[in-house]
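Notes follow the structure.
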Amino acid sequence: MSNKVVCSHCHLKFDESVMIKEADNYFCCKGCQGVFHLINEEGLESFYEKSGNIELTPPSEHFEDASSFDRESFYDKFVKTNSDGFCEVSLIIEGIHCSACVWLNEKALNKMEGVVEANINFTNNKATIIWADNVVKLSAIIEMIRSIGYNAFAYDASMQETHANKERKSYYLKMAVAIFASMNIMWIAVAQYAGYFSGITQEVKTILNIAEGILATPVLFYSGWVFFRGAYYGLKTKVVNMDLLVATGASLTYLYSIYITVLEHGEAYFDSVSMIITFVLIGKFLEVLSKKNAADTLDIIIKSIPSEAKIIKNEKILTCKIDDVNVGDIVFVSSGEKVLLDGEIIKGSGSFDESSLTGESEPVYKSVGMNVVSGTTSIDADVRFRATKDFKHSTLSNLVSLLESAINKKPKIQQMANKLSEHFSSVILGLSFVTFVVWWLWPHSFETSFMVGISVIIIACPCALALATPVATLVGLGLGASRGILFKEAAQLETMAKVDTLVLDKTGTITVGKPEIINEHTYEEFDKSLLYALVNSSNHPVARSIAEYIKKENKNIEDTAFDEFIQIPAQGIRAKYGDIELLGGNKKLLEVNSIKIEFISEDTVFYFVVDKKVVAVYELRDKIKEGAKELVESLKKRNIETIMLTGDNERVAKKVASEVGITKFIYEQTPQSKADYIKKLHDDGKSVVMVGDGVNDILALASSDIGIVMGSGSDIAVEVGDVVLLDDSLKSLHDAFKISRTTFGLIKQNLLISLAYNAITIPLAMAGYVIPLVAAISMSVSSLLVVGNSMRIRYKWRKE
């Protein structure tokens, strides 16, 4: 007879001949062996002592082999490397249905060596995991998730609807069983209640109780299985969650009702068991639908990205995967098609719909030499353009990545709410026990004290507390995205709602950023190709305007290569061409180089100097952006001070400031002095938003609490900024303030609703005024109130 040994993990007994032996340990399968080592490596050895060495279910072997997550093809498609050199992936965690599930997964993942960060969004169950691939493999991370009772698969927007339908189908079946059984139980309950008043024999009463018990059993153990499962995995990792409250309340009521039925004495409450599970399950399902609705704006953007593009090679149109298009390839887009890459038009013209990025419904006309942006749609244009970025670095791809990361960054107020909800369930179980003891000691009725204690457990709702922030935040992010306002982190909604100072760059922010030449003064003859080459080498709006002006007058003018070329912040440009020294810039550049000229103008002035002599002066005027004055007035009413920082001289700065109603402005600022001024505001206790668009604003943007960048700004400025305004308008800046304040206000309302609900209902339940059925309904309603309140922002904005 073969010797049977116990598995070191699941404690099931098997023949020694089939076991995996490792030192003094035996394992029935590789799954148990892996989980055993995982638990010990994580310092959770006490789990086996706390579980009392009970028999466990071995890890499921029906999952896809985790090693497939380490394949190169998977990495190419789903894994990206961030700026710090760590790997980053987005996964959907299957099986999450409450905030405690999120907490459990985050805790387990963050404990793993090599995992830098793990954030899970409760609204869509999407996890963003950042890890060091040389320390831990993705397959090990997947195995960790599976070991605690969940599963994970790669986040693919095109597959989201399939997974969502699968989840909904599961809820439909569970609800169908629960509702069918509950309706029939209610018919039986009617007979019981009628008999209570008109008289009923104990035999008939027992038969009716048995019928109710038979109907309540599938409701509790099939429809309510999701709560037992959640409670089990919560206890497994020492977490008391909402599932434990529901499972405990329903199970104790069920067992008590069986006890009453067998002894044929007292009142059974099988109808309460059925109703508790049914109403809470319906509430969870409505939460699933609401969360999906809140995430739709983000998923629509992602799902609408085609997988193929048309490129032209040897005058033939070829179709290839979007990821295979390289910088420099010629891409063909016909009318009605979406532009998938950024590029410069080389042939054709027409109108483009940019509403998906900017929120503006007016089509934009584009022709040869103009840039097209990925994510826009050709209305009537058949164009060819040269790709200036590959898809991974395109505007559309960056938009998707930023939106995904924004959803997973939790505001401070959410972190506070999560900590509060972690301990909430434990407190409720304690209050329930105290309530049971007090009621038992006073009226000496076990039945009364038991049902009051159960009501306390059921009526408490940590889910409303946990949902208070993420749903409102996601709605705010989605609303911003639909209007061309991209918050890179959800936490920035909270920060922006609290600011008291707005600092604006002038050129490209308050003004259009494309100054037009209104006067040209020539003092000596000079080679215009040198001036053209000088200004064409700079990205400053003034330089670009002069370059376009010269090119328009001299279409055949050619660029010239300089021997030396230096850009001087807040002054201008210095260059050398052979023995000729060139300077181009503002009055300060002349003063530094001891060059004098008497020239007075209220507009922006550009001086061109050849060998220490001013040979030409250009006067330029920039248009004020639409809505600038209204923005300043609106923020003033909200007690937000507006300050303008600019590199321009005092006259130009004063003129622009007076036109828009700004009373405080600082002129002749270098990039460093702008950053120093932001620091000074911080030292004065100010919370600062900085808005800019150029390289010269980077230091100031990085120094501020919130850096807001115009979408047309330099790539590095967009990278540094916290919020991007894709349509460059000041109306969007105004909307960003409104969205952040409205969202933060909703979050505070949601927390108040949740706390007020519990503060009112729990004492009522402890006082015996709430039966378990009403408690179950109230619990679901509290969560739906929070979700519904969050969705108000959408309807409010639609009305406006």
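We did not get these values from a lab; they are worked out from the coordinates using the rules stated. Values in this document were obtained by computation on a predicted structure and should not be read as measured data. Every residue, glycine as well, gets a Cβ built from its backbone with ideal geometry; the counts of neighbours run over all protein chains shown.
FRET efficiency for the LEU235 to ASN82 pair, using the beta carbon distance and R₀ = 41 Å, is estimated at 0.70.
Extension gain for TYR523 to ALA756 (0.36 nm times residue separation, less C-alpha to C-alpha distance): 76.2 nm. Restriction of the chymotrypsin sites (Phe, Trp or Tyr not before Pro) in segment 567-649 to DSSP coil positions whose beta-carbon has at most 15 other beta-carbons within 10 angstrom yields PHE599.
Which pairs break 27 Å Cα to Cα here: LYS310/LYS625; LYS13/LYS174; LYS576/LYS654; LYS77/LYS338; LYS366/LYS392; LYS126/LYS366? With Cα atoms farther than 27 Å apart: LYS310/LYS625; LYS13/LYS174; LYS576/LYS654; LYS126/LYS366. Whole-Hz Karplus values for segment 726-743 come out as 5, 9, 6, 8, 6, 5, 5, 4, 4, 5, 4, 5, 5, 5, 5, 5, 5, 5 Hz, taken residue by residue from phi with 6.51 cos²θ - 1.76 cosθ + 1.60 and θ = phi - 60°; glycine and proline positions read x. Extents of segment 499-572, taken as max minus min of Cα coordinates on every principal axis and listed largest first, are 51, 29, 23 Å. Extending 7 Å from Cα along the Cβ direction at ASP323 and again at SER634 yields two label points whose distance is 4.2 nm. Of the GluC sites (Glu not before Pro) found in segment 576-639, those that fall in a DSSP loop while having at most 14 other beta-carbon atoms within 10 Å are GLU598, GLU602, GLU626.
Sites listed here are trypsin sites (Lys or Arg not before Pro) in segment 500-574 whose DSSP assignment is loop and whose Cβ has at most 15 other Cβ atoms within 10 Å: LYS555.
Using the per-residue mean of other Cβ atoms lying within 10 Å as a proxy for protection, in what order, highest first, do the peptides 656-667, 167-178 fall?
656-667, 167-178
Kindly flag which residue pairs out of LYS629/LYS686; LYS514/LYS596; LYS623/LYS731 have an alpha-carbon separation exceeding 20 Å in this structure. Long pairs (Cα-Cα over 20 Å): LYS629/LYS686; LYS514/LYS596.
If I stretch the segment between GLU581 and SER198 completely, what's the gain in nm (0.36 nm per residue apart, minus their alpha carbon distance), one decimal?
Fully extending the segment from GLU581 to SER198 adds 126.8 nm.
Can you compute 3J(HN,Hα) from phi for each residue in segment 521-532, using the Karplus curve 6.51 cos²θ - 1.76 cosθ + 1.60 with θ = phi - 60°, rounded to whole Hz and x for Gly and Pro? These are the phi-based 3J(HN,Hα) values: 10, 10, 9, 8, 5, 8, 7, 5, 5, 6, 5, 4 Hz. Sorted from longest to shortest, the spans of the Cα atoms of segment 586-672 along the three principal axes equal 52, 26, 18 Å.
Evaluated at q = 0.21, 0.22, 0.25, 0.26 Å⁻¹, the base-10 log of the normalised Debye intensity for segment 623-671, with identical point scatterers placed on the Cα atoms, takes the values -0.72, -0.78, -0.93, -0.98.
Potential lengthening of the chain between LYS498 and ASN134 amounts to 127.0 nm, from the contour at 0.36 nm per residue minus the alpha-carbon distance. In order along segment 609-614, the Karplus-derived 3J(HN,Hα) couplings, from 6.51 cos²θ - 1.76 cosθ + 1.60 at θ = phi - 60°, round to 10, 10, 6, 6, 10, 6 Hz, and Gly and Pro are given as x. Projected label points at LYS514 and ILE20, each 7 Å from Cα along the beta carbon direction, are separated by 6.6 nanometres.
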